[in-house]
1. Among the residues of the stretch 33-44, how many are surrounded by 15 or more Cβ atoms within 10 Å (Cβ to Cβ) and either of a type in the set (Phe, Trp, Tyr) or free of Cβ contacts under 8 Å to residues at least 24 places away in the same chain (or both)?
2. Show the residue pairs meeting these rules: Cβ distance below 8 Å; 6+ apart or different chains; first residue within the stretch 91-115 and more than 19 Å from Gln81 (Cα to Cα) and open to solvent by 50 Å² or more (accessible area, probe 1.4 Å); second residue modelled with pLDDT of 95 or more and not in a strand (DSSP E or B).
3. Select from the stretch 45-60 the residues that are farther than 19 Å from Gln107 by Cβ and among the polar types (S, T, N, Q) and write down the one among them that is least open to solvent (accessible area, probe 1.4 Å).
4. Filter the stretch 12-32 down to residues that are open to solvent by 40 Å² or more (accessible area, probe 1.4 Å) and assigned to a strand (DSSP E or B) and give me whichever is farthest from Leu85 (Cα to Cα).
Amino acid sequence: QVRLVESGGGLVQPGESLRLSCVASGRLFSVSVTGWYRQAPGKQREQVAEMTPGGRTDYGDDVKGRFTIARDNAKNMVYLQMNSLKPEDTAVYYCNLKYFGYDYWGQGTQVTVSS
């Protein structure tokens, strides 16, 4: 099975930056769509960013222009660079991999943006 492990979350002030990392085990990474989702208390999980194996990216409207997703297929890694963070970005961030209709998830990493 695929295992995804996130890291890089923490507490930052508005306007600061964080870089999240996710490492995947298994053979499916290079042929799968990968992405980042987030879930704030009391809200549904929402897609933040995704990247196809060919490098095509898509971003949620709330983070477009501030967040950047990247992949390193040789290392089975996916990253999320988050700039100009806002309090509204506070959530648990999850690494995601999709393969033939199956969703694989990491354990989540907490990002808190507060003054």
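The values are calculated or read from the model by the stated rules, or taken from the named source; none is laboratory data. Here the structure is a predicted model, which means the values were calculated and not measured. We place every Cβ from the backbone using ideal geometry, glycine too, and count neighbours over all the protein chains shown. We work out accessible area using only protein heavy atoms, side chains counted, and drop any ligands, DNA or RNA first. Shrake-Rupley method; radii C 1.70, N 1.55, O 1.52, S 1.80 Å.
1. Total meeting the criteria: 2.
2. Pairs found: Ser115/Gln13; Ser115/Pro14; Ser115/Pro87.
3. Filtering the stretch 45-60 for residues that are farther than 19 Å from Gln107 by Cβ and among the polar types (S, T, N, Q), the one least open to solvent (accessible area, probe 1.4 Å) comes out as Thr52.
4. Ser25
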